[in-house]
1. Before I look further, what does the chain give for accessible area per residue, probe 1.4 Å, in whole square angstrom?
2. Which of rounded, prolate or oblate describes segment 1-108 when judged by the alpha-carbon gyration tensor and an a/c cut-off of 1.5?
3. Apply the Debye scattering formula to the chain, with a single equal point scatterer on each alpha-carbon and no solvent, then give log10 I(q)/I(0) at q = 0.09, 0.10 Å⁻¹.
4. Given a cut-off of 19 Å, name the pairs among 63/139; 63/136; 63/154; 9/139 whose C-alpha atoms lie farther apart than that in the structure shown.
5. Using helices alone, what [θ] at 222 nm do you get for the chain, with -39,500 (n - 2.57) per DSSP H run of 4 or more residues, divided over all residues and rounded to the nearest 500?
6. How much solvent-accessible surface does residue 64 expose, in Å² to the nearest 10, with a 1.4 Å probe and all protein chains in place?
7. Would you mind calculating the gained length between residue 30 and residue 153 on full extension (0.36 nm times residue separation, minus the Cα-Cα distance), in nm to one decimal?
8. Could you name the lysines in cross-link range of residue 193, using Cα to Cα under 18 Å and dropping any fewer than eight places away on the same chain?
Amino acid sequence: MVSSKTVLKLILRIGIHLIFWCAVLFFFTYFFRADSQNYNDTLLYALFLMPITIATTYVSIYKLIPEYLITKRYWQFGLYSLYTFIISFYLIMVSIFFSLTYLAEFEYSKMNPATKNILLIATGVYSITILVSAFKLLKLNLRHSEQTKRLETKILETQLKLKEQELNYLKMQIQPHFLFNTLNTMYGFALKKADETPEMILKLSNLLDYLLYEVDKPLVPL
């Protein structure tokens, strides 16, 4: 069952995309208008370029960058980028033919000057693709950095918990009643100023060292 929050996020995402591509359409209409006074023909030509630009951009940001560039499969990224460029460039050439046949009615002199320049058209299309791809790459890098920071924080928290568990385990190994009784005995010997007191302190130290650090060893001296 899809939640309402997911639906709202999807609608917001689609809305942002629509607004962006409407802005691109406006940019293309202004960019390719040049010296032409026929606004409708320029708008039709911009509309013809929109699917080419959208397809090229989405292939870049949803296929090439996340699946090949981010995963460091560079030769595949370069190869498929070349394929994308060849296909998109061919479609750009088709757009010029569209301008000549449909908009100019096979009269080269009637063509919009901007639509005669294939380099200018390619610049307009690929500038949008490069701009969006750069934004997508930056977004993925920021997301990767956040994930790395969260992972490092989890590792530090896990290490801290392990240290706490190790400390608790060490505390459990030391029997408090035995320690209290031993210290009381030593206190009694100290009051009597017995000669055995230093030896008892040394033995207690060795015993605690054994309990804390050597008891888990597979082999220990008798």
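The values are calculated or read from the model by the stated rules, or taken from the named source; none is laboratory data. Quick caveat: nothing in here was measured; it's all calculated off a predicted structure. Every residue, glycine as well, gets a Cβ built from its backbone with ideal geometry; the counts of neighbours run over all protein chains shown. We work out accessible area using only protein heavy atoms, side chains counted, and drop any ligands, DNA or RNA first. Shrake-Rupley method; radii C 1.70, N 1.55, O 1.52, S 1.80 Å.
1. 75 Å²
2. Numbers: a/c = 3.13, a/b = 1.39, b/c = 2.25.
Oblate, because a/c is 1.5 or more while a/b does not exceed b/c.
3. -0.62, -0.69
4. Pairs exceeding the cut-off: 63/154.
5. Details: 7 runs with 163 residues, N = 222.
Theoretical 222 nm ellipticity from helices: -26000 deg cm²/dmol.
6. Probe radius 1.4 Å; accessible area of residue 64 about 10 Å².
7. Length gained, residue 30 through residue 153: 39.3 nm.
8. Output for residue 193: 203.
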